[in-house]
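Trainee: Below you'll find the structure I mean.
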Amino acid sequence: QGGRWRVLPGCGCRLRASPRARLPGRSRQSARAGALPRARRAAMSMKTALLDVLSEVKTRVQDKLGIVDFPMPQFIIVGSQSVGKSRLIETLAGEQFNFISGTLGSRRPTILEFRNVEAAEESVWSVLDERTNKWLTKPTPEVMKIVGEAHNSLGMSVSAVPVHVRIESKLCVDLQIVDLPGYRSYAADDNGRILAQKIEELNGAFLFDQRNVILCVEEAGDAANLSSLRRVSEADPQYKRTILIRSKLDKYYGDLEPKTVNKWLDGMGDLPKNLQKFALTLPHWSDGAPPPAPLSELRDETSKTDSNKLAALGATRTHMDKVGFNNFARHMERRTELMFAEAMGPVLTKLRDLESAMSLREEELGDELEQSEPARMLATIRACGMSFANCLSHVMEGVIRSDVNRVSLDVELRDFHRYHQTLGGSRMFEPCPHEMFQNVEEYIKRLRNDIRVPMFDVEVNGGAQFKRLMYEVETYLRFSEMGTEIKSANVLQAFGISMGSVTWADVVVKLLNHDCHMPMQHHVAYVGERVKWFFMKQKEPIVHFMKSLRGSPDEKIYSVLYTKHAALIEENPTIKKMVFETFDAVVDRQLQYFLTLFRNTLQATFSNPWVFLKKNTAKWNDEDEVVLSSLEETINRIPKEVGSRSALERSVAKLLSDIPMEPHKLDEAVDRIQVLALKVYAHIRSRICDQVELFCESFFKLPLLRRLEEDMNKMELSEVDMQGHRARRAKLEKEKKAISYGLKEVQDCLRILTNFQVKSMAQKV
């Protein structure tokens, strides 16, 4: 009836120009439909749908599920106090409000989600409950109180935990913005300075997040003195994510001249050319007085005034697009639409990754809950232990992709000695193999430079590490020497009181037992402890091998239970504790068996070293022709082989016969006995060292591999373990419920986004 609708640029809402503006018999939607071309209506409808879809996805995934690395873009607003930052947010919302009471201002991020709802007769305010992670609709004053208390409860501190607010109104812009605490330019005391520094650190974390588009609010004026923009430039030096809003433009109307207006809008050379910047006046009125008109009308008036003033001064069209709130709002809508459209691909990828990870986790939790039922718990633990025992053999055979606990020899030796130092108490072995080494580092240096142990600096584990270990312990064992020098008193003591009944051979045996047996046993103890340490450090590589089979080329070669049992061992503390403790107990028991068997071997050797001195009867000659022997040839060979080993016995017998028996030749006898004892001990040491790998294989490794599975099958649950299991099961049930809920949310979001993509593609066609 002569009235007209005025579409407010940048926010999509309409205001009546006069009381006569209402059109009888036509709804607002029909009025808008008649005013806009069909193509534009379709574009706006698609844009609104895009914002609605991504907003719903963000709410369901990022807000409800708490996924912090979700690739959803957002605007953050920074600025010093009293530059108009809060008024800019009010202007975007289309209504006046004030969250913060008191003089300290905001001290935590406030995430504001503006949703433009055309059908809303009045604004609807909601706040996110941190405990339930659900939106609670509240009256506006109550929301103000809740948010204000969230800030004021921090006192002189700050928090990175945000408070979430949602506004649904026909006057606001479709936008999400994070309002950060304002920078403090002045502090009255030390507490104020500390608070200002904490705010700097809090805001910095948001500024350096590459997903955030920065709205930097500064007061219009001298562009060379923009303190907030300087802080922003540290996080975004190229200003690719920054939009500068120069507020309070009307204060500087008098300073503008036609010949300089365009340069002033560009910053008079003090602002980068590639920086997006807007100059505008926000609605304002006298302190303590109510607004003279609704905020939505005031923002339109101030925007129109800015445009008229600068147009009259001769600002170019390009510069005019950067003047006034309406131009800024239009840019924000376009930027929001572009950001959300670009985010569609990464959001879909992230949702698919989340769905895959959650599905796998849900399956793992279901398997563990099924396997950890009270009636099946013990059987599950034993099955995990038996799989663990079987995989030890595979790790010893060598696994290329296993990179857990890979160490070089120097690191391995330092860790070994550090471990025994922490145990305290007496040790059955010396850290260094010989007294000439002052410390372990000198021994390590000799191993690297002089002994040149193979693979010394190569980081290995499993079978390769065991092979290197055998070389090192053999070297350690070969450093074994006689404990003391043989003296006359020792020889006389060994003879006893009967000079005629004791031979020089008996004296040598006694001296060897006294001076050589114990040093050799101490060196053997080192060998046993090193092998034990090696096996104790293989627990993590075994679990890693079991876990890494999933998706590997050789997955089908091994049992399908290995990966499931590895997940149970890793995730269930009770299973891991019992399997690892049983493994350590078996290794420790095998160490005692090893030392006992080796001790018995040494006792037998030193009790009758003459038997041990017999040479090997076999000969190796590459030139000999190898054929199967006949019976006659075998009968002729045996006497020759038995006789061939008597050469060493004859040599020892000659040395014994050369030792004088006369009392006045005691010194000469002692020297000859010393030589004989050294030769015999050198031969024994050589034979023991040559066979040390065989001893470690026969007395330690093979019995361990053979008996470990049997011990794992004998594990029993204690009452403490049962209590831990019940607590673990309750935790798993709660986690599975949360994962199932999260998976449903993710799948729903995937379906929504996929349907939207299909619909948008169909409309384009």
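Trainee: Given a Förster radius of 51 Å and the C-beta distance between SER157 and MET518 as r, what FRET efficiency does 1/(1 + (r/R0)^6) yield to the nearest 0.05?
Mentor: Result of the calculation: an efficiency of 0.15.
Trainee: Pop a pseudo-label 7 angstrom from the Cα along the beta-carbon direction at both GLN210 and MET455 and give the gap in nm to one decimal.
Mentor: Inter-label distance under the simple model: 4.0 nm.
Trainee: Would you mind putting 564-571, 363-370, 716-723 in packing order, based on average other-beta-carbon counts within 10 Å, highest first?
Mentor: Descending mean neighbour count gives 564-571, 363-370, 716-723.
Trainee: Hey, another quick one. Find, among the chymotrypsin sites (Phe, Trp or Tyr not before Pro) in the range 251-347, those assigned to loop by DSSP (not H, G, I, E, B) with at most 14 other beta-carbon atoms within 10 angstrom.
Mentor: Listed in order of number, the matching sites are TRP285.
Trainee: Hey, got a sec? Which trypsin sites (Lys or Arg not before Pro) in the range 112-202 land in a DSSP loop and have at most 14 other Cβ atoms within 10 Å?
Mentor: ARG131
Trainee: Now, a different point. Please give the FRET efficiency for GLU257 paired with ALA738, using the beta carbon to beta carbon distance and R0 = 45 Å, rounded to the nearest 0.05.
Mentor: The formula returns an efficiency of 0.10 here.
Trainee: OK, next. Which stretch or stretches of the range 413-442 have amide N atoms under 20 Å from the point lying 7 Å from ASP584's Cα along the Cα→Cβ direction?
Mentor: Taking a point 7 Å out along Cα→Cβ of ASP584, the residues of the range 413-442 whose backbone N falls under 20 Å are 413-428.
Trainee: Say a paramagnetic label sat at a point 7 Å from the Cα of GLU363, along Cα to Cβ; which residues of the range 550-572 have their backbone N under 12 Å from it?
Mentor: 550-551, 564
Trainee: Given a Förster distance of 41 Å, report the FRET efficiency between THR137 and ARG726 from their Cβ-Cβ distance, rounded to the nearest 0.05.
Mentor: So the FRET efficiency works out to roughly 0.50.
Trainee: What do you get for trypsin sites (Lys or Arg not before Pro) in the range 231-330 restricted to DSSP loop and a cutoff of at most 10 other Cβ within 10 Å of the site's Cβ?
Mentor: Answer by residue number: LYS259, LYS273.
Trainee: Given labels modelled 7 Å from the Cα in the Cβ direction, how far is it in nm from ALA379 to VAL117?
Mentor: Using points 7 Å along Cα→Cβ, the separation is 5.6 nm.
Trainee: Quick one: length gained pulling ARG193 to GLU397 fully straight, 0.36 nm per residue minus the C-alpha distance?
Mentor: Fully extending the segment from ARG193 to GLU397 adds 67.1 nm.
Trainee: Also, quick follow-up: Using Cα positions and a limit of under 27 Å, work out the lysines in reach of LYS304, with same-chain residues fewer than 8 apart set aside.
Mentor: LYS47, LYS85, LYS170, LYS248, LYS251, LYS259, LYS263, LYS273, LYS277, LYS322
Bear in mind that the values in this text are calculations on the coordinates, not laboratory data. Nothing here was measured: the structure is a model prediction, and the numbers come from that model. Heads up, the Cβs are rebuilt from the backbone with ideal geometry, glycines too, and the neighbour counts pull from every protein chain shown.
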